[in-house]
Structure formats: C-alpha cells, structure tokens
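Right, I'll just put the structure down here and ask away after.
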Amino acid sequence: MNPPTGPAYGEDLRIGLIALSTDLAVERDFAKLSDDRVTTFTTRVRMRTPNSEATFLELERELPSVAALLVPTSRLDVVVLGCTAASMLIGDERISAAVTAVRPGVQVTNPALAVVAALRILGVTRLALLTPYTPSVTKVTIDFLASRGIETVDAIGLGIDMDDTHARIPEAVLMDAARSLDRTRAQAVFVSCTAIRALNIVAPLEHELGIPVLTSNQAAFWHAMRLGAVQRRVDGYGQLLVTS
C-alpha cells in the first residue's frame, strides 16, 4: 500500500501551544477556537506554585525542551507561550529565541505581545484592566502596558496566586468585576490571564459595555492566525476575532 497522502488536521494553520502544567483553561479555549483546518497542538511546561514573578521567570529555561515536543516530525507554523505574566516578565525576544532554537522558522507569539498588537489594530491607547493576579503581578501588567504606550485608566486584581483557583472564578464574578471598573476614559477592557474562564464572557460584556473586550487567550489565538496569514472569522467571541 502506498503511504497515505490525504489532508491532516491543521492544513491551513498549525498552532503549537505551550500551556502551563497548572492551567485548566487555555487548552480548552484554544480548542474552542480551533477547527479541522486551523488546529492547535499542545504541550505543557512545568509551573511551580504558588504563582510569583520568580516562578514565571523560571519557565524560560524549560521552553526549548517543551517546544521540541510539539509535533516534532510534522509542519508547525506558530508557537504560542500560554502565559501572560511570564510573557511580560521574560520578554518577546527571549521567548522567541528559546523556541526557535529547537523549531527554527516558526513564528512565535504570546498573550502579552498579542494583546498589544490587538490594541493597536483596534486603535486603543487607554484601557480598563481586570486580572486574577496578586497586586505585584497586576502592577507588572500595568507597567508592561505602559511601556508599550497603553494607559491603564483603572485596574482590579483579585489577589489570587494559584491557577487551580483562577480556573474556579465564576464567570459571573468576572462579569461583575468588569462592570465595576471605571471605564469613563477607557476605550477597551482587557481581562488578563490564560488560566481563567474569560472567553465566554467576551461577547456579552462587549454587548453590555459597548467597547471591545480582550482576553489573553482570545488575543493570542487571533495573533497566531495573523502571524500565519490566515484570514478566518470566528463569531461569538468578540470584535477582535471578526477583525482582519
């Protein structure tokens, strides 16, 4: 029998997702946004708990070994590091270098880089921020956004330092917290963190608030499609995913 030559999953785009070992949400969200032609393949990187700046920075040294596990004998187009705080702390260039050391030629992104790209596409320079993070990691987020020319006009951090707990924050709690943000000058709302149940609240929040709502996972998936030159509308998860 001749070797099969039919299409595999991900013929248009293959996204390699590096998820934290502790994250209960990011893999589900990427799967929700994927389909047969734009497909996500996942590996995990060990995350020490509780979450802190130090444990986020520790991820860098393991990125080459885990990136090497992403469909190593098949085509891969874009790799996403699935952690917003780690992405802000480690930085785009170091993340990209760690991944391309073992997967040369792939595009590399992360939620922090993706959110900045999305905000620029949407013309947003002022936002209201919601995080599940501790005060210090919320400040990392505010400082990172400021370094990219984005003003945080109001911020709420829920003070949680465990991904298992992040995943258990009810969507209604996130909705109420977003509503309570001072949005007087905000052009958008950013709900940061890959490990929370935020994807499903994007559309209803946008409808209620009348401004774009971004989440880490939504923005990272959108940016992966842009880097892969895939134009694909994904309805039901906010304005960003119907923006070319």
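If you scan the stretch 158-169, which residues turn out to be without any contact (Cβ under 8 Å) to a residue 60 or more places away in the chain and surrounded by 21 or more Cβ atoms within 10 Å (Cβ to Cβ)?
Within the stretch 158-169, I160 is the sole residue that qualifies.
Of the conditions (1) loosely packed, with under 15 Cβ neighbours inside 10 Å; (2) over 21 Å from V202 (Cβ atoms); (3) of a type in the set (A, V, I, L, M), A172 satisfies every one except a single condition; which number is it?
Every listed condition holds for A172 apart from (2).
Which numbered condition in (1) loosely packed, with under 14 Cβ neighbours inside 10 Å; (2) on the phi > 0 side of the Ramachandran plot; (3) in contact (Cβ under 8 Å) with a residue 24 or more places away in the chain; (4) not β-branched (V, I, T) is the only one that G10 fails?
(1)
Return the residue satisfying two criteria in turn: it lies in the stretch 129-157 and is more than 18 Å from V202 (Cβ to Cβ) and in contact (Cβ under 8 Å) with a residue 60 or more places away in the chain, and of such residues it is surrounded by the fewest Cβ atoms within 10 Å (Cβ to Cβ).
Here the residue is S136.
Out of the stretch 44-54, which residues are crowded, with 18+ Cβ neighbours inside 10 Å and free of Cβ contacts under 8 Å to residues at least 40 places away in the same chain?
Hit for the stretch 44-54 is V45, nothing else.
Restricting to the stretch 181-203, and then to whatever is without any contact (Cβ under 8 Å) to a residue 40 or more places away in the chain and within 11 Å of Q239 (Cβ to Cβ), can you tell me which residue is farthest from the chain's Cα centre (by Cα)?
Looking at the filtered set, the residue picked out is A203.
Which of the residues spanning the stretch 204-235 are over 18 Å from T39 (Cα atoms), in contact (Cβ under 8 Å) with a residue 12 or more places away in the chain and surrounded by fewer than 15 Cβ atoms within 10 Å (Cβ to Cβ)?
P204, E208 - these are the residues of the stretch 204-235 that are over 18 Å from T39 (Cα atoms), in contact (Cβ under 8 Å) with a residue 12 or more places away in the chain and surrounded by fewer than 15 Cβ atoms within 10 Å (Cβ to Cβ).
Given the stretch 169-233, what helices (runs of 4 or more DSSP H) lie entirely inside it while holding 1 or more residues that are over 19 Å from I15 (Cα atoms) and in contact with a helix residue (DSSP H, G or I) (Cβ under 8 Å, 6 or more places away or on another chain)?
Answer list for the stretch 169-233: 171-180, 202-209.
Every read-out reported here was derived from the displayed coordinates using simple, explicitly stated rules and does not represent laboratory data. All figures in this text were calculated on a predicted structure; none of them were measured in a lab. Positions of Cβ are backbone-derived with ideal geometry, glycine not excepted, and every protein chain shown enters the neighbour counts.
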